[in-house]
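Every number in this text was worked out from the coordinates using simple rules, so none of it is lab data. Since the model is a prediction, treat every value here as computed from it, not as a measurement. Ideal geometry is used to build each Cβ from the backbone, glycine not excepted, and the neighbour counts take in all protein chains shown.
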Amino acid sequence: MKPSNRSGMMPLDLSRSSISKRSITIGLLGLGTVGSEVYNALIHNAKSLSEKTGFIYEIKKILVKNPEKSRAVNPKRSLLFTKIDEILEDPEIELIVEVMGGLDPAGAIIEKALCHGKSVVTANKGVMATHGERLLKLAEEHKADLFFEASVAGAIPILRPLQESMATDRILEVCGIVNGTTNFILTKMTQEGSSYETALKEAQRLGYAEPDPTFDVTGMDAAYKIAILAALAFGHFAKGDHVSREGITEITPTDLQHAKEMGYRVKLLAKATCDSEGLLLSVAPTWIPSHHPLYNVEGPYNAILVKGERLGDVMFYGQGAGGVPTSTAVVSDIVHASKNIVLGISGQSNQRMETDIKLKSPESFKTRYFFRLSVDDKPGTLAALAKNFADEDVSFAAVLQKENTVNVTDILFLTHDVREGAFRKALANAKKLPFVKSICSVFKVEP
C-alpha cells in the first residue's frame, strides 16, 4: 500500500496507466449532423482517441425520435432509445452529451441530467444563452460538470481560453464574426455584387444556410453566442433576447459598394464591451476598416477578437459551423469532463459571477455611424441637415454627395463618435424634414 499524505488521505495516482484503465460511459442525445460526427469520433476513432487521452469511451445509449430512420451512421439497434428516462436513470451512464438542438425539450433534459448528478456536454447555444446561469448553479450543487464549448464558433477554442488562459487579465471587449451563414452571404454580395436573395440561395445550395434561415439572418444566432461569450468574459449572464440586434436582410449591393469605396467591408458584428458603467451587448451589420483584424474574415469562417487590459488583442479564427467542426469541440469537452469524473472533481466550476454588473441601454452605445439619405437636390439642403444633426451633438467626419441626373440625390455621411440615443433622435428628426425622401441605410462603424 502506498503511504498516505499528511492529511491521512491516499494520494491520487494521476499516471496515464491508471487513468487509461477507466472507461467513461456516455448517453448520446441526438444523432443528426453533429451527433453523427460525435459518434464517428468516439467509435471509429476509438483507438486513437484512447491513446491520446487515456480513456475508453463507451456510448451505451443513444436518444433518437425514430429508431428506424436512415442515418449517416448505423449504430446497433440495441443502442437506440426513444425515452429519455431510460438514459437519465441508467446508473452506469456518467456523462450526457446533448446535441439535439432547440430550447425544448433540451433545456429540461439538461436540467434533469444535472439533478441526477450526471455531467453534461452540450452544443446548445439557445439553452445556454437562455438558462445558462441557472444550469451552471445546478451543476455545481449536484457536483456535476456542464461544458458547452461547441455552443459558440464550432471548432474554435474560445470558451475555455476565456475561463482559464485569459483569467489573469481583465477583459475589456469581445467582438467577432460568429455566424458563418451571414458572413458567407455578405462575402458573396461584396465580391460578386449579388443581391441578398441570390447570395442566400447560394448559401442554401452549399449547405451554409438552413431552408429557413431566419434564426441566422435576423442576428438571433449571433445574439445567443455573444450572450454566452459575455457571460464567460465578464461573469454577467444576459439572455440572448437582451442583446440589441439587427440582421442583414435589408442590406443591398449598393450599401456594400459604398463601404468598399470608402475602405470598409460590412460584417455582422457581435460585440460585448464592459466598463465602469456596465455591459453593452449588440449584434449589427457594421463597417469594418481595412486595418481591423476582422476585415479579411471571409466566407463561412468565424473569428473572435478578445481585447485584454494587458494582453491587448488576441484573435481566434476558424470554421464556426458544420458537423465536423462542432463535433470536435464536443469531443474536446467530453475529454475534459471525463478527466474530472475520474479525478472526482466534477462540479468545481471556475465560472465567476459578477452580480453588480448592469446591462447598459442601447441608447448609451457610443460609436461612429455611416448613413445614406435620399433628398431633394436643391440649395440649402446640406446646410439644413448639418444643423439638424448638430442640434443633437452629431458631427461628421466625412460627407459625400453623389452626382445625379434628376432632382433627387443621395448624400452619404460618416459621423464621429456619438451616443446611439442622440444619433437615433437626430435621424428621426431628419426623416421629418420636407426635403428628405428616405433613409436608405444606417450602419455602425468600427474605429
Requested in this report: Starting from the Cα of Asp90, step 7 Å along the direction of its Cβ; do the same at Gln257; then give the gap between the two resulting points in nm.
Outcome: 6.0
Query raised in the report: How many angstrom separate the Cα center of region 433-447 from the Cα center of region 86-125?
Result: 47
Query raised in the report: Which value in Å does the Kirkwood hydrodynamic radius of the chain take, with 1/r averaged over all unlike C-alpha pairs and then inverted?
Result: 24.0
Query raised in the report: Going highest first, how would you order 139-146, 200-207 by mean Cβ packing within 10 Å?
Result: 139-146, 200-207
Requested in this report: Amide H neighbours of Ala321 under 5 Å, at least 5 residues apart or on other chains, H built in the peptide plane: list them.
Outcome: Ala155
Report task. Give me the number: length gained by fully extending Leu79 to Glu202, i.e. 0.36 nm times residue separation minus the C-alpha to C-alpha distance, one decimal in nm. Result -> 40.5 nm
Query - Extended-chain gain in nm, criterion 0.36 nm per residue less alpha-carbon gap, Gln163 and Lys239 - result: 25.5 nm
Report task. Please work out the FRET efficiency for the pair Asn404 and Asn296, using the Cβ-Cβ distance as r and a Förster radius of 41 Å; give the result to the nearest 0.05. Result -> 0.75
Report task. Using per-residue counts of other Cβ atoms within 10 Å, averaged over each peptide, order 48-58, 97-107 from highest down. Result -> 97-107, 48-58
Query raised in the report: Taking the mean number of other Cβ atoms within 10 Å as a proxy for protection, how do you rank 241-253, 267-279 from highest to lowest?
Result: 267-279, 241-253
Query raised in the report: How big is the gap, in Å, between the Cα center of region 165-207 and the Cα center of region 299-342?
Result: 17
Query raised in the report: What FRET efficiency comes out for the pair Leu433/Thr249, r = Cβ-Cβ distance, R0 = 30 Å, nearest 0.05?
Result: 0.65
Query raised in the report: Taking only Cα atoms, what is the 0 to 90° angle, nearest 10, from helix 125-141's long axis to the longest principal axis of the chain?
Result: 40
Report task. Working from Cα positions, state the angle (0 to 90°, nearest 10) between the long axis of helix 33-43 and the longest principal axis of the chain. Result -> 30
Report summary line: In region 73-207, lysine pairs 8 or more places apart or on different chains with C-alpha atoms under 28 Å apart total 17
Query raised in the report: What is the calculated FRET efficiency for Asp376 to Gln191, with r their C-beta to C-beta distance and R₀ = 35 Å, to the nearest 0.05?
Result: 0.50
